[in-house]
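Coordinate-derived values only; no laboratory data. The structure displayed is predicted, hence computed values, not measured ones. Note that each Cβ is placed from the backbone with ideal geometry, even for glycine, and that neighbours are counted across all protein chains shown.
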Amino acid sequence: MAPVGPTPKKEKPRPVVQQPPPPEPAPEPIQTTAIVVIHPGSAYLRLGRASDTVPVVIPHIIARRHKATGQHVQEDYTILRYETNHMACERNMEDGLRKIEQAIWGRVTSAGQRRLPTPPEQVSAYNATVIPQRLDDNSGLKWTNTQQTPEYVVGEEALYISPDDCYNFHRPYRCGMLNVHQGIGGSLTAVMEDLYVIWSTALEKHLEIPVKDLRHYRAVLLIPDIYHRPHIKELLSLLLNRLGFGAAIVIQESVCATFGSGLQSACVVDIGDQKTSISCVEDGLSHRNTRIRLSYGEIGRASCRERV
């Protein structure tokens, strides 16, 4: 028999030292010149690079040439509000003006005295002594040249198209929302097509960014505090799919206002052309219960002052 010796010790496997993965390269910061901020409104479109001091402001309107002669002219319903042309509305307006007048005359002056209404005879006598100022007949403004019959005209030039030319005027936004209606060009598809033409023209003409290069840019879209979710989906599809931005984000107007002002919390009151909105913002969040939206703005107050 062979001598039994000590059992050889098995060597323990050496632990495998895993090398840490190489550090990922730090992402390059996004340049502010590659960020485009778009703020669409009922009357005006504001857009510009994030590095710009002030945005470019153009009328948010497009004029499209008639496809056939004798076509019905689409009127601008933002100015002609047919729902106000009835007797009940006139009575409500007169009652409201009467209450305002009573409230004004019911307040005392800073000296604590009651206000005395001015007699109509005194007002008429003063107006008779005022010499009216005649305006120059030649204002320097000219009609937009449409001899080349362009298919569409955008922005400032659209406002100066002669009424005799065969064009329909469309405003994609009304009261801060997409202007979807039953008239000509009022479908959601037509409104999105108008927005594509207006925004792409403004980007190429005012910011000098060709549409084919928008894939290198990011977009920031300002939306109302109270919004319609399907419309926001369509707007993002317009930015990413049709215009071709590399990335896009939406942000509420009140939140953006606090960021721009450097405030942590604020009550933001936005008086626009056709709507007035109020919202309380805290830590970058707009509280849902504080959001108020009124369907009248500066153009409504201007019409009221004309009646007064």
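Compute the length gained on full extension between Gln264 and His181: take 0.36 nm times their separation in residues and subtract their Cα-Cα distance, giving the result in nm to one decimal.
26.0 nm is the gain from fully extending Gln264 to His181.
Once the piece of chain linking Ser162 and His206 is laid out straight, how much longer is it, given 0.36 nm per residue of separation minus the C-alpha distance between them?
Roughly 13.4 nm would be gained on extension.
Rounded, prolate or oblate, given the Cα gyration tensor of segment 226-308, with a/c below 1.5 counting as rounded?
Taking the square roots of the gyration eigenvalues as a ≥ b ≥ c, segment 226-308 is oblate.
Sort 210-216, 42-48 by the packing proxy (mean of other Cβ within 10 Å over each peptide's residues), most packed first.
42-48, 210-216
What net charge is computed for the residues neighbouring Asp52, neighbours being all others with C-beta under 14 Å from the C-beta of Asp52, Lys and Arg scored +1, Asp and Glu -1?
Net of charged neighbours comes to +1.
Counting pairs of alpha carbon atoms under 8 Å apart in space and at least six apart in sequence, what relative contact order in percent does segment 218-299 give?
Taking the mean separation of contacting Cα pairs over the length of segment 218-299, I get 26 percent.
Is there a quick way to get the dipole size of segment 91-201? I mean about its Cα centre, with the Cβ of Lys and Arg at +1 and of Asp and Glu at -1; what is the value in debye to the nearest 20?
Using only the charged Cβ atoms, the result is roughly 900 debye.
Under a 5 Å amide H to amide H cut-off, with H placed in plane at 1.01 Å, what residues pair with Tyr167 once short-range neighbours are removed?
Residues meeting the criterion, in which the H sits 1.01 Å from N, are His66.
What is the distance, in nm, between label points placed 7 Å from the Cα along the Cα-to-Cβ direction at Leu188 and at Arg107?
Taking the simple label geometry, Leu188 and Arg107 are separated by 4.5 nm.
Among Ser265, His287, Leu240, flag the residue with its Cα farthest along the positive direction of the charge dipole of segment 171-291, charges on Cβ as +1 for Lys/Arg and -1 for Asp/Glu.
Highest projection toward the positive end goes to Leu240.
Label-point separation (nm) for Ala50 and Ile100, each offset 7 Å from Cα along Cα-to-Cβ?
4.3 nm
From the C-alpha gyration tensor of segment 118-204, pull out the three semi-axes of the equivalent ellipsoid (sqrt of 5λ each), sorted largest to smallest, in whole Å.
Taking √(5λ) for each Cα gyration eigenvalue gives 40, 21, 12 Å.
Averaged over every viewing direction, what's the projected area of the C-alpha convex hull for segment 92-237? Give it in nm², one decimal, please.
Mean projected area of the Cα convex hull: 17.6 nm².
Spin-label point model (7 Å from Cα, Cβ direction): what's the Trp143 to Ala88 distance in nm?
Placing both labels 7 Å along Cα→Cβ, they lie 4.1 nm apart.
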